[in-house]
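J.: Got a structure for you, questions after.
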Amino acid sequence: MRFRLFTLLFLLIAANYTQHVYAQDVIAKRSTVIENYKGKPFYIHFVNKGETLAAIAKAYNVSVEEISADNPVISQGLKADMVLRIPQRSIVAIPDADTKPKTEIKNEQAKPAENQKVQNKPADDPNYILYQVKKQETLYGISKQYNVSVDDIINANPGFEGLKDGMEIRIPKKKSIEKVAAIEVPAEKAIKVGSKPDEVIVKTGETLYSIGKAHNVSVDDLIDLNPQLSGGLKAGMVLKLRKIGTKIGVNPTDKKESEIVVVPVAPKSPGVPGDCYNAENIKTTYKVALILPFNLDEATDAIEAPETKNASEFENFNYFQFYAGFMLAADSLEKYGLHARIQVLDGDKLNDTLTIKQTLRKPGMDKMDLIVGPMYANSFSVAARFAKKHEIGIINPLSRRENIVEGNPFVLKTQVSGAGVAAKLSSFIISKYPNANIIAVRNDNKEQKAIISDFAASIKSSLTSHSFRGSMQEVAYSSDMMAGLAKKLKPNAKNIIIFFSNNKTNVPNFVSLLNPLSKSNDIILMGMDGWEELELETEFLVNLNFHQVTSSYIDYESEAVQQFITRFRNKYGSVPLSAKHAFLGYDIGWYFLTSLMWLGDNYISCLPEYNGTGLQYNFDFSAPKTGDGLQNHEVNIVKLQEYKMVKVE
């Protein structure tokens with residue numbers, strides 16, 4: 001993962017901070033950045049202006065064909081600023097005959113040479129070779145020596161956790177091509193979801209490796225077939241084992257990047273004062289500042305840290321995927337006419353306002369059309385005052401605090417407000433379950449107090465107007481506990497239990513204790529935004545007819561989402577993660593840059609009439625009161641259905 005920071009550094013230090021960032025001319029040399037991709041080690045090479053494939057291949061002592069095979073994107077031509085994966089060769093030490101110091105030579109061919117003194121021992125099983133690992137060797141290098149895949153070696157060594165000098169591993173002997181055939185899954189071993197034999201439900205404790213091994217499917221194939229894995233493997237998830245009609249052992253065709261499905265549609269009749277939409281707006285070049293906490297002054301520490309140290313411990317890595325998603329949106333919109341100069345700035349630090357103040361003093365900052373970020377609260381407060389003074393729209397991507405929009409009409413808050421959550425909950429229940437028994441559960445008197453108050457007020461108002469004919473009761477979980485809640489249940493009614501909490505300890509405990517009550521009561525458990533990140537037992541959620549109010553939802557089966565994942569992987573060599581804000585960065589980039597294209601300089605006043613649909617987030621802005629900034633109010637209700645979270649219409 002550490003190459004992502006290097007990619008970022010490269011982009012940011014380049015001379016031009018516009019939408020396409022170009023590197024300075026340098027002499028081609030081998031990269032020192034190495035990352036595992038699909039279980040194999042690769043050098044991460046950044047293409048510089050003037051470099052050719054032949055020169056790059058020579059620098060790494062590999063063939064042009066090998067580079068092309070691992071980087072399909074270069075079929076469209078080699079370009080400056082591309083990031084290439086170059087296969088890493090294993091290193092074998094060979095003493096010279098005249099007692100000169102040992103030199104390191106890269107293995108070129110798949111067969112082990114005699115002078116490499118490879119120590120092979122006969123294995124108990126004639127189908128395997130027992131191989132002793134030497135210092136600095138990699139699985140990829142060994143697999144190339146014996147013309148087998150990395151997965152073949154891992155499968156032959158149960159419990160494999162990594163290579164160590166001197167350890168012995170089994171290498172499967174390569175079978176002749178004539179003997180390789182597709183293997184049908186025995187009916188008695190097929191795990192089904194309903195009547196679908198090509199799907200499996202993930203159980204607690206399972207890994208992609210264990211699932212792949214059990215069903216004779218490679219980890220790479222599982223990832224390609226299941227885009228939802230970009231959010232991590234979770235118990236209860238339904239995974240496709242193979243494409244319908246294909247046999248195990250037959251690799252699916254490689255995914256290729258295709259044209260993006262979603263295209264920006266100009267508003268036909270804005271219907272807002274000032275006639276926001278004007279075809280001439282698209283001809284304007286807009287200036288955008290993207291301010292993120294890259295902490296480039298600490299980059300050396302991150303790059304030189306031991307590989308055993310988790311990259312997420314470094315703040316440098318935490319917002320790379322947001323940046324990458326935003327820039328992918330800008331790249332796509334350029335095809336449809338967007339003209340934008342995007343200046344990327346390392347101007348945000350935790351508990352440090354000096355950095356953002358210095359950033360805002362840079363030439364041209366007061367002439368921006370849009371500012372995205374910063375992320376940290378103290379920095380954003382400073383930037384928001386600057387934006388108000390110079391009348392520049394400023395986006396806060398992450399904060400849920402509603403007070404950030406107060407008195408500043410230029411603040412654009414993308415995370416949904418508590419009032420929006422309460423309104424969605426009440427409207428959903430009133431329309432779908434008008435006779436339900438609602439039990440609103442507070443964790444304590446402080447957590448989500450405002451949301452509970454707004455929700456209760458809405459339900460009580462509906463009771464008064466008779467639009468809701470059910471009942472509502474409240475429970476304080478910290479004092480009443482589960483016994484107090486049980487007394488509120490009605491045996492002959494639909495009981496909708498809403499737990500207003502995101503406490504990582506109390507929520508799992510609450511779900512576990514509530515589960516037995518589902519046997520004798522008709523219950524719908526309604527969870528809060530963020531519960532998807534908690535460790536909740538899937539079977540309990542199934543029993544409790546789990547629903548969730550959420551500001552984000554990703555349909556991993558949609559073509560647009562799958563194409564985004566493919567494009568992200570092709571460009572950055574990693575899977576976009578919702579937890580790392582890759583989808584959020586893309587959605588914010590797409591919606592707001594499109595708004596600039598169509599609505600022009602007056603976009604802020606026009607946003608309330610210009611809703612947007614994204615891959616994870618949708619946008620519906622309005623101001624709490626005159627003189628305030630805009631808040632997003634778009635919320636989804638999703639439910640667990642056949643072990644998948646689906647939108648409730």
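J.: For the range 534-546, in order, what is each residue's ³J(HN,Hα) by Karplus, 6.51 cos²θ - 1.76 cosθ + 1.60 with θ = phi - 60°, in whole Hz (x at glycine and Pro)?
T.: 8, 7, 10, 5, 4, 4, 4, 5, 4, 4, 8, 6, 5
J.: Given H placed on each backbone N at 1.01 Å, which residues far from Val344 in sequence or on other chains put an amide H within less than 5 Å of it?
T.: Sorted by chain and number, the residues that satisfy this are Leu290.
J.: Between Lys49 and Lys367, what is the spin-label point distance in nm, taking each point 7 Å from the Cα along the Cα→C-beta axis?
T.: Here the answer is 2.3 nm between the modelled labels.
J.: Turning to a different aspect of this structure: Let me know the Rg and Dmax you get for the range 471-607 when you use only its Cα atoms, in Å.
T.: Radius of gyration, then largest Cα-Cα span, for the range 471-607: 20.6, 59 Å.
J.: Beyond 25 Å between alpha-carbons counts as too far, so tell me which of Lys432/Lys490; Lys240/Lys519; Lys449/Lys519; Lys519/Lys639 fall in that bin.
T.: Values: Lys432/Lys490 18 Å; Lys240/Lys519 31 Å; Lys449/Lys519 31 Å; Lys519/Lys639 19 Å.
Among Lys432/Lys490; Lys240/Lys519; Lys449/Lys519; Lys519/Lys639, the Cα-Cα distance tops 25 Å for Lys240/Lys519; Lys449/Lys519.
J.: Moving to a separate point now. Which whole-Hz ³J(HN,Hα) couplings does the range 396-410 yield from phi under the Karplus relation 6.51 cos²θ - 1.76 cosθ + 1.60, θ = phi - 60°, glycine and proline marked x?
T.: 9, x, 10, 5, 9, 5, 7, 6, 5, 9, 5, x, 10, x, 9
J.: For the range 579-593, take each phi angle, set θ = phi - 60°, evaluate the Karplus expression 6.51 cos²θ - 1.76 cosθ + 1.60, and give the result in whole Hz per residue in order, putting x for glycine and proline.
T.: Per-residue couplings from phi come out as 5, 9, 6, 5, 5, 4, x, 5, 5, 5, x, 5, 5, 6, 5 Hz.
J.: Same structure, new question: Between their Cα atoms, which of Lys504/Lys644; Lys49/Lys580; Lys367/Lys580; Lys283/Lys367; Lys79/Lys287 are more than 27 Å away from each other? Kindly include the intermediate steps, with their values, before the conclusion.
T.: Values: Lys504/Lys644 22 Å; Lys49/Lys580 31 Å; Lys367/Lys580 30 Å; Lys283/Lys367 18 Å; Lys79/Lys287 25 Å.
The pairs that break the limit, which is 27 Å between Cα atoms, are Lys49/Lys580; Lys367/Lys580.
J.: Something else now. Ranking request for peptides 42-52, 594-604, 484-494: highest mean number of other beta-carbon atoms within 10 Å first, then the rest in descending order.
T.: Values: 42-52: 18.4, 594-604: 20.8, 484-494: 14.9.
The peptides rank, most packed first, as 594-604, 42-52, 484-494.
J.: Continuing with the same structure: What residues have an amide H closer than 5 Å to that of Thr414, excluding those fewer than 5 places away on the same chain, when H is modeled at 1.01 Å from N in the peptide plane?
T.: Residues meeting the criterion, in which the H sits 1.01 Å from N, are Asn396.
J.: May I pose another question? Between Asn602 and Glu334, what's the calculated FRET efficiency when r is the beta-carbon distance and R0 is 35 Å? Round to 0.05. Intermediate results must be reported in sequence, preceding the final value.
T.: Numbers: r = 23 Å, r/R0 = 0.64.
For R0 = 35 Å, the calculated efficiency reads 0.95.
J.: Taking the Cβ of Ile291 as the center, what net charge do the other residues with Cβ under 9 Å away carry, scoring Lys and Arg +1 and Asp and Glu -1?
T.: On the way: positive: none; negative: Asp346, Asp348.
Every neighbour counted, the sum reads -2.
J.: Neighbour counts of other C-beta atoms within 10 Å: give me Ile429, Ile451 arranged from fewest to most. Show your work: numbers first, answer last.
T.: Details: Ile429 26, Ile451 23.
Listing Ile429, Ile451 from fewest to most nearby Cβ atoms yields Ile451, Ile429.
J.: Would you calculate the separation in nanometres between label points at His390 and Lys203, each defined as 7 Å from the Cα along the Cα-to-beta-carbon direction?
T.: 5.9 nm
J.: When all C-alpha to C-alpha distances in the range 535-649 are sorted into bins of 5 Å, what percent of pairs does each bin hold, rounded to whole numbers?
T.: 2, 10, 15, 18, 17, 15, 11, 6, 3, 1, 0
J.: Next question. Counting other Cβ atoms within 10 Å, keep those with at most 10, restrict to DSSP loop, and tell me which trypsin sites (Lys or Arg not before Pro) in the range 365-462 are left. It would help to have the intermediate numbers written out before the result.
T.: Working: sites: Lys367, Arg385, Lys388, Lys389, Arg400, Arg401, Lys413, Lys424, Lys432, Arg442, Lys446, Lys449, Lys460; in loops: Arg400, Arg401, Lys446.
Passing both the DSSP loop test and the Cβ count: Lys446.
Throughout, read-outs are computed from the coordinates displayed, never taken from laboratory work. Everything numeric here is computed off the predicted structure, so don't read it as measured data. Reconstructed Cβ throughout: ideal geometry from the backbone, glycine too, with neighbour counts over all protein chains shown.
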